[in-house]
Structures are given as C-alpha cells and as structure tokens.
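Presented below is the structure to which this report refers.
The numbers here are math on the coordinates, done by the rules we state, and not lab data. Note that the coordinates shown come from a computational prediction; the quantities given were computed from them, not determined experimentally. Here Cβ is always computed from backbone atoms with ideal geometry, including for glycine, and neighbour counts include all displayed protein chains.
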Amino acid sequence: MTLRPWQPADRPLLDGFNTAEMTAHQVRPESAEELEKRHRRYLRTDLPGAMLVICVGEDAVGAIGYWENDEDADAVVWETGWSVLPEFQGRGHAGSALATLIGIVRAEGTHPEIHAYPAVDNAPSNALCRHAGFTLRGTRPFPFRGEELLSNDWALVL
C-alpha cells in the first residue's frame, strides 16, 4: 500500500465513493456539481493538508486526507477522513493508509492533534479509529454537507 497525491485523473474515484452503499453513514450523496467542487479542492496544493490516493500496486483503491479544522476555539487541529471502494474493503487498506498518514502529520509537526468524525453508526470507521490509537472524546452533531451528522469525535495526540 502506498499513498500518492490526488491527480486530475482521480475524479472517477469520487463517483465510486458517492453510491448509496458508500454514503449510507453520511447525510446524503453529493450532486455532480458538489463532486466537481470537491475534485477541484482535492487538486489544490496551496491549502494546508492534502488529499492522497490509496494505491495497491497500480490500483487506486481509495483516498485519505487531512486538513485543518478550527471549530474548537482552543486550537487548530488536523481532521482526517477516508474512503475505500467496496471491492477493496476488508483488506486492511484503510488501516495501513491511516497509519501512514499519522506518520506524515507527526513528521510535519504543525498541529498537536488529529481528529476523525465518523457517524456514530459507522462501525468500521469507528473501529479503525480505535485500532489506530485514537481516543473517543465524545459524541456531537458535526456539520456535514450542509446538515448535522451525529458523529463521534476521535482524537489522537501527535
């Protein structure tokens, strides 16, 4: 498993992440316009953080990213999120990608923590956070796609 920066040719991954199966723990799928906006944002290199493609050999199997979150008035932290295409799930790719990403953000030394906010009913993502060493800080409504998603706040001190 390797991580590489998001590229223009990676746009079809967003369609794969936008199915009913893949958005079951999210507020809703995104419109074509929202997907294009997301793709353009992922391509930007002038923003803090990065969106990375999870690769196994030549196959792009998912994506993981990190970006600044300043919703907590105490400190700016990294936020992370990931998606693995259904046909590649259950093989440890998200866990490997998250471990690699944690190493990247630790080496950068920019922020003291990284957080993940999976929906409370997203058992696989919550288990991944636990396995990666994150601590559950609580449950809260989290703004997502213009609505509020009841999410767990997982944090890892870097």
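Below are the figures for this structure:
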quantity	calculated
Computed [θ] at 222 nm, deg cm²/dmol, the chain (DSSP H ≥ 4; -39,500 (n - 2.57); rounded to nearest 500)	-8500 deg cm²/dmol
Sparsely packed chymotrypsin sites (Phe, Trp or Tyr not before Pro) within region 52-94, loop by DSSP, other Cβ within 10 Å at most 13	none
Net charge of Cβ neighbours under 13 Å - reference Trp154; Lys, Arg +1; Asp, Glu -1	0
Cα extents of region 32-158 along the three principal axes, largest first (Å)	41, 33, 31
Charge dipole magnitude, Cβ of K and R +1, D and E -1 - the chain, Cα centre, debye nearest 20	300
Normalised contact order of the chain, rounded percent, pairs of Cα under 8 Å and 6 or more residues apart	20
Two-site FRET efficiency, Ala127 against Gln7, from Cβ-Cβ distance with R₀ of 30 Å, rounded to 0.05	0.50
Cβ-based net charge around Met51, under 14 Å, with every Lys or Arg adding one and every Asp or Glu removing one	+3
Fraction in percent of alpha-carbon pairs per bin - 10 Å, region 1-81	17, 44, 33, 6, 0
Computed label-point distance, nm, for sites Val56 and Leu150 using a 7 Å Cα→Cβ extension	3.3
